[in-house]
Protein chains: 4
Amino acid sequence: MMKVAIIGATGYGGLELIRFLHNHPEVERMDLFTSSEEGVIFSSKFGHLLNIQDVPLQKIDYETLMKYDVVFASTPSGVTSKLLPPLVGRGPKLIDLSGDYRLKNLQDYEKWYKKEPAPPEIIEKSVYGLTEWNEKNIKEAAFIANPGCYPTAVLLSILPLIKNGLIDPSFLVIDAKSGVSGAGNKPTKMTHFSETNENLSIYKINEHQHIPEIEQAIEMFTNVKATITFNTHLVPMTRGILATSYAPVTNGVTTKDLSECLLETYKKHPFIRVITDADTIGTSRVKGSNYCDVFAKVDERTNRATIIGVIDNLVKGAAGQAIQNMNVQMNLPQTTGLNVVPLFI
Amino acid sequence: MMKVAIIGATGYGGLELIRFLHNHPEVERMDLFTSSEEGVIFSSKFGHLLNIQDVPLQKIDYETLMKYDVVFASTPSGVTSKLLPPLVGRGPKLIDLSGDYRLKNLQDYEKWYKKEPAPPEIIEKSVYGLTEWNEKNIKEAAFIANPGCYPTAVLLSILPLIKNGLIDPSFLVIDAKSGVSGAGNKPTKMTHFSETNENLSIYKINEHQHIPEIEQAIEMFTNVKATITFNTHLVPMTRGILATSYAPVTNGVTTKDLSECLLETYKKHPFIRVITDADTIGTSRVKGSNYCDVFAKVDERTNRATIIGVIDNLVKGAAGQAIQNMNVQMNLPQTTGLNVVPLFI
Amino acid sequence: MMKVAIIGATGYGGLELIRFLHNHPEVERMDLFTSSEEGVIFSSKFGHLLNIQDVPLQKIDYETLMKYDVVFASTPSGVTSKLLPPLVGRGPKLIDLSGDYRLKNLQDYEKWYKKEPAPPEIIEKSVYGLTEWNEKNIKEAAFIANPGCYPTAVLLSILPLIKNGLIDPSFLVIDAKSGVSGAGNKPTKMTHFSETNENLSIYKINEHQHIPEIEQAIEMFTNVKATITFNTHLVPMTRGILATSYAPVTNGVTTKDLSECLLETYKKHPFIRVITDADTIGTSRVKGSNYCDVFAKVDERTNRATIIGVIDNLVKGAAGQAIQNMNVQMNLPQTTGLNVVPLFI
Amino acid sequence: MMKVAIIGATGYGGLELIRFLHNHPEVERMDLFTSSEEGVIFSSKFGHLLNIQDVPLQKIDYETLMKYDVVFASTPSGVTSKLLPPLVGRGPKLIDLSGDYRLKNLQDYEKWYKKEPAPPEIIEKSVYGLTEWNEKNIKEAAFIANPGCYPTAVLLSILPLIKNGLIDPSFLVIDAKSGVSGAGNKPTKMTHFSETNENLSIYKINEHQHIPEIEQAIEMFTNVKATITFNTHLVPMTRGILATSYAPVTNGVTTKDLSECLLETYKKHPFIRVITDADTIGTSRVKGSNYCDVFAKVDERTNRATIIGVIDNLVKGAAGQAIQNMNVQMNLPQTTGLNVVPLFI
């Protein structure tokens, strides 16, 4: 049985951690920490947790935090970089949901995040938590950099095909679409209902900070250097990411080859579901769950593949994968506390 | 451990039964039955259940159905009335989610449903499954008529106040609002995205078939005869019911009196949460969960109460309450298999 | 031909004024004024106006503003009270879209708006701009207090029935529902997409500042003093208000009586459409247009009327009615510049 | 002044024709025709047209139809192919909104539409109504095949860049996203609110019937043969298409080159707006209007262009462009009856 702490519980990542950890059979205690709202009863801020989480937020205190088995940081990029270092090597397994410890190259972080990077010695030791592709390292890791939402959907769908040489990564175009919850819980013009509703938009054109993360992971897991085109669209819905990737296929590769490669790669991975036949694939397939559904098909007119990855951005793209990583670290079955059925509607 | 069968699994009520029963710790086996799609692999119709429910739909066969501990009927009103009678008294506990066995007065059924009623002898024996108000009878029941979605939200919020004489039921106005999933999974003009989206509408003005159900239940549980005004609105969202009820309060009754009455009534009921202080109350509080949140406040300018009941129409308003009733019948804790945290977003 | 100025053009009311005035055949010039964004090219803020409104915002300057024929103030309540007084009696017709000049009783304003009221001598002279009910006064008015969105939908539907004694205003319950644009363009938690989407909520329970406005107008136009119960709900859609009102009918009054009263009252009013037969009535009927659709029906079980008023809150509930009032003041046909067909979807 | 007829007025294309033609200053008469609902009062089916279009639908009768100046066919693909031939050359200008007369190659039609093609001699004479690119032919045309919604958004954004050799069409990936109204008004599983809402999906993967139309038009207007990858996504909103296209740029081409090419191409075209600087571009920019907004940017990391086209699928993608074509045919300014300001929200 474990004691877990969540720093930054009031964000959407934090709320999803609570949703799953509350019923996690190996978690005997879960406490919530904050930098600014000490003493506030959590359910008074989040009415859906009435009678479930009627405890006060605690002040971030390293002496206290050291006593937990696992500490999740669900604070924004630029915050965790400063917040977590004092806890490193002091006891708890650390799982960071921000982008602060993912990029091994500090210049990349500075360029894409336009913030000061985290301490290099911690970045070096951090393990990239794409569970299905890094399980062995995660098992040993003291510090996990949980992947971004877009990279999770993209990488899980394209990595097997790149690794097995079925697609040509030299012209890889990734067109990703996300629900609005990915933008977090801070009210902004971009998340203002009247202007977001009934409005599909493209944003950060060619400039999304997940670009270097995807390129780094492609190289890390397949030894292929790819320069990707990656764009992101904001969809008027709350949850879900669908990433559509396009690449030429290698000579003679068929839809069947792609499907078999995906099936073979993921045959022992409970959260990756390979779709082999579909007219339509939507984000509702995975809503509220930790599944990532993947699909690939060759367009025989053009010899290009259309590759789909679908996740719930808040679950497999954030809190769910974080708990999955915790399970791996703790030698628990990956599905522990995560085996919920998607809501669909 | 139990074996359960679901008839009508392809409806939204059926899908929610699957979502919860799949992880119910006392259910060792769950099978799905259909009148028209025998042999169809369930997950080929509902992709969100890939790798979860890859079994074929079975033909409705009474000899087979008799062997289950519990049979849920999630077929539409007018269908269950004919479908279930052969199973009555033949073994399984029966839980019907339709409106066919709720109204004790056959003329009411004919008038409001404009269909032929179910056999009177079964209607007579059926127990109205408003769990919190009928637990003793449910425990003994072989046949449960699960309440309608609107009646659940309305009754749970107003019954304590009527029973304790705090509000005057002679001028009770109930203005209810529901997400679109309440209309079921059959595509119609009323549920056509382009015409439902961005369109709040009132429908079945003064003619909703849940009117006699609410009036019957008020009398059943409080011995008060009320003639209610009840209207229903279709809200452009998928899940959730919020019912706003209005009634004059009895002399001198305050908001505190209303809150205390609700708290006292429901203090031992895990799924009813009493809100005592709120600026805003929304359906997202209970989304995906079996909670019903209730609230009541006196408007001192008018000496009238505003009473709110909020549920997820597919859970506490359908499948969740059905499983809660099964738990009661089976002497399990009510929360067994149902203790999920609301999704909020 | 007229010159018009808009103060507060960046709010949703302002944007709708621009949408209609841009094509108004009697407006030869329209300029936009701001307190804080002088010099900003309007279409750089609002891309939908590219090539349409590529002009800079001008600084609010009374000498300049005096030269316009009409000045619309679309600034928030609490701002207009201070902003407009220097312009009163200096030339332009003034039309204020805020709540600052509607309530004749200063204590009411202080109590419900919790702000300092506007100068009493201006409030006294201001004319309440519910066009269909106050046309004669509007024609002479130099200062118009444009009605609130909720009051417009409510009053237009209930006033004829109260005035003609068909309903009993002593138990009048008004349950109103609005799209999110009514909350304006300032990002807040309440308008944050992820928390507003898929969430129907009730807010300001019994405390909405439109309550005294409705009661004042009922008395002003019917000489009846009513104490109303009024609640407001936030619907996950952008535009539209549907107000459902409930009241006992006077002895023997039928649905036909109600319909005929509405038809007779509004027979010469181009923007009020009386629905006489409907299973369902939704806000999409009036979307983007200046129509207000009204409907009333007697529930013969209870002898209570259900009365519906539907508007686009940004048009008939704000900018459209303001222009309609300007047309009246300027002796133009009411429909000038406003005869757009509703979008429906 | 013109007399116009609409066949298929009950579809969404038809409703939008009515919305604009009702206020078109050169249309003195507009009549609605139907194959199956003769005599039905139009506003009894579509409440938003109450007091606006209270006329009965007329039976399709060629003798009658011949007397109109313009006949719009807004019937589905597979229907117009049979419906219009008897009217060809009999008087009225014909404008068909379906896909039946767009593809010059009959085999393409059969392959992609899986229906019997229209008579070849009419297809041959039909003029493709992409107004900005085919104005001269449209002016002379008796029969116009109005472009599809996706092709309109795609072609208007990419044609200038292909024609001027700024992008390499040999690897052109087009990822398009549409609101649900593009699927028409017939209730289906794919347009069922509960399953469409909160669900972004890809559909007809690599198999959309607009593929040959886009390829044909690229060749027709630029003399370049391209084999495109084209996919379509269904976005949970009603109106709007955003097409994101990707292609390598020719040596040394910059964002400035792309912008200038677009600006130069469209400098005299009132409905095409070139965006030269944007962080975010959304469909709300054009909502309800006939604008098409275009944008292009070079990603200097990859030397690939990201090209955006945004339209309201029901306006510039259907009814609006049809009326624009009528205006050209009738020697009216293109904007006649179409100069509405986008709604934005």
Review point. Can you list the aspartates and glutamates whose alpha carbon sits under 14 Å from that of B:K115, skipping same-chain ones fewer than 8 residues off?
Key: B:D100
Point to revise | Three-way shape call for segment D:150-313 based on the alpha-carbon gyration tensor, with the a/c threshold at 1.5 | key: prolate
Check your understanding: Can you work out the base-10 log of I(q)/I(0) for segment D:117-218 at q = 0.19 1/Å, using the Debye formula on its C-alpha atoms alone?
Key -> -1.09
Point to revise | Cβ-derived FRET efficiency at R0 60 Å, C:K256 paired with D:T254, nearest 0.05 | key: 0.25
Review point. How high is the relative contact order of chain B, given as a whole-number percent (alpha carbon pairs under 8 Å, six or more residues apart)?
Key: 17 percent
Check your understanding: Taking amide H positions as placed 1.01 Å from N in the peptide plane, with prolines and chain starts having none, which residues 5 or more places from B:A296, or on another chain, fall under 5 Å of its amide H?
Key -> B:I308
Practice item. Between copies, how far apart are the A:R90 label points? List them in nm, one decimal, shortest first, with each point 7 Å from Cα toward Cβ, please? Key: 6.2, 6.7, 8.6
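Need one number: % antiparallel among DSSP beta bridges in chain B, to the nearest 5.
Numbers: 27 of 57 bridges.
So the antiparallel bridges in chain B amount to around 45 percent.
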Practice item. Enumerate the lysines that B:K267 could reach by cross-link, defined here as Cα to Cα under 29 Å, with residues fewer than 8 away along the same chain left out. Key: A:K45, B:K93, B:K136, B:K139, B:K163, B:K177, B:K225, B:K256, B:K287, B:K297, B:K316, C:K204
Review point. D:K67: which aspartates and glutamates have alpha carbons under 18 Å from its alpha carbon, excluding same-chain residues fewer than 8 sequence positions away?
Key: D:E26, D:E28, D:D31, D:D96
Study note, to complete from the structure: Residue by residue through segment A:199-216, the couplings from Karplus 6.51 cos²θ - 1.76 cosθ + 1.60 with θ = phi - 60°, in Hz, x for Gly and Pro, are 8, 8, 9, 9, 9, 6, 4, 6, 10, 6, 5, 7, 4, x, 5, 5, 4, 4
Check your understanding: When each copy gets a label point 7 Å from Cα toward the beta-carbon at C:K125, what are the spacings between them in nm, shortest first?
Key -> 6.9, 7.6, 8.2
Point to revise | Using a 7 Å Cα-to-Cβ projection, C:I41 label spacings across copies, nm, ascending | key: 5.1, 5.4, 5.7
Study note, to complete from the structure: Averaging 1/r across every pair of distinct alpha carbons in the protein assembly as shown and inverting yields a Kirkwood hydrodynamic radius, in angstrom, of 32.9 Å
Review point. Does segment B:65-168 come out rounded, prolate or oblate by the C-alpha gyration tensor, with a ≥ b ≥ c the root eigenvalues, rounded set by a/c under 1.5 and, if not, prolate when a/b is larger than b/c and oblate if not?
Key: oblate
Check your understanding: In whole angstrom, how far apart do the alpha carbon centroids of segment C:106-153 and segment A:305-332 sit?
Key -> 56 Å
Check your understanding: Amide H to amide H under 5 Å from B:F143: which residues, 5+ apart in sequence or cross-chain, H placed 1.01 Å off N in plane?
Key -> B:L94, B:V127
**Study point:** Dipole in debye (nearest 20) - segment D:2-125, about Cα centre, beta carbon charges: Lys, Arg +1; Asp, Glu -1
**Key:** 200 debye
Check your understanding: segment D:1-73 to segment B:188-225: how many Å between their Cα centroids?
Key -> 36 Å
Study note, to complete from the structure: For D:E38 and D:D61, extending 7 Å from Cα along the Cα-Cβ vector and measuring point to point gives, in nm, a value of 0.8 nm
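Of all DSSP beta bridges located in the protein assembly as shown, what percent are antiparallel, nearest 5?
In the protein assembly as shown, approximately 50 percent of DSSP beta bridges are antiparallel ones.
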**Study point:** Three principal axis lengths of segment C:182-239 [C-alpha, angstrom, descending]
**Key:** 45, 19, 17
**Study point:** About the Cα centre, charge dipole magnitude for segment C:185-311 (Lys/Arg +1, Asp/Glu -1 at Cβ), debye
**Key:** 300 debye
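What do the square roots of 5 times the Cα gyration tensor eigenvalues come to for segment B:2-125, in whole Å, largest first, as semi-axes of the equivalent ellipsoid? Provide the component values of the computation, followed by the final result.
On the way: eigenvalues 141, 49, 32 Å².
Over the Cα atoms of segment B:2-125, the ellipsoid semi-axes are 27, 16, 13 Å.
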Check your understanding: What is the set of long-range amide H partners of D:V27 at a cut-off below 5 Å, with H atoms built 1.01 Å from backbone N?
Key -> D:M2
Practice item. With unit charges on the beta carbon (Lys/Arg positive, Asp/Glu negative), name the residue among B:P120, B:L94, B:G39 whose Cα is farthest towards the positive pole of the charge dipole of segment B:2-125. Key: B:P120
Exercise for review: State, to one decimal in nm, how far the label point of A:T188 lies from the label point of C:S170, with both points 7 Å from Cα in the Cβ direction.
Suggested key: 5.7 nm
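Which FRET efficiency, nearest 0.05, do B:H22 and A:H269 yield, Cβ-Cβ r, R0 25 Å? Display every interim value, and only then the final one.
Details: r = 19 Å, r/R0 = 0.78.
After rounding to 0.05, the efficiency reads 0.80.
Every number here is computed from the coordinates shown, using simple stated rules; none is lab data. As the structure is a prediction and not an experimental result, all values here were calculated from the model. Positions of Cβ are generated from backbone atoms using ideal geometry, with glycine treated the same way; all protein chains shown enter the neighbour counts.
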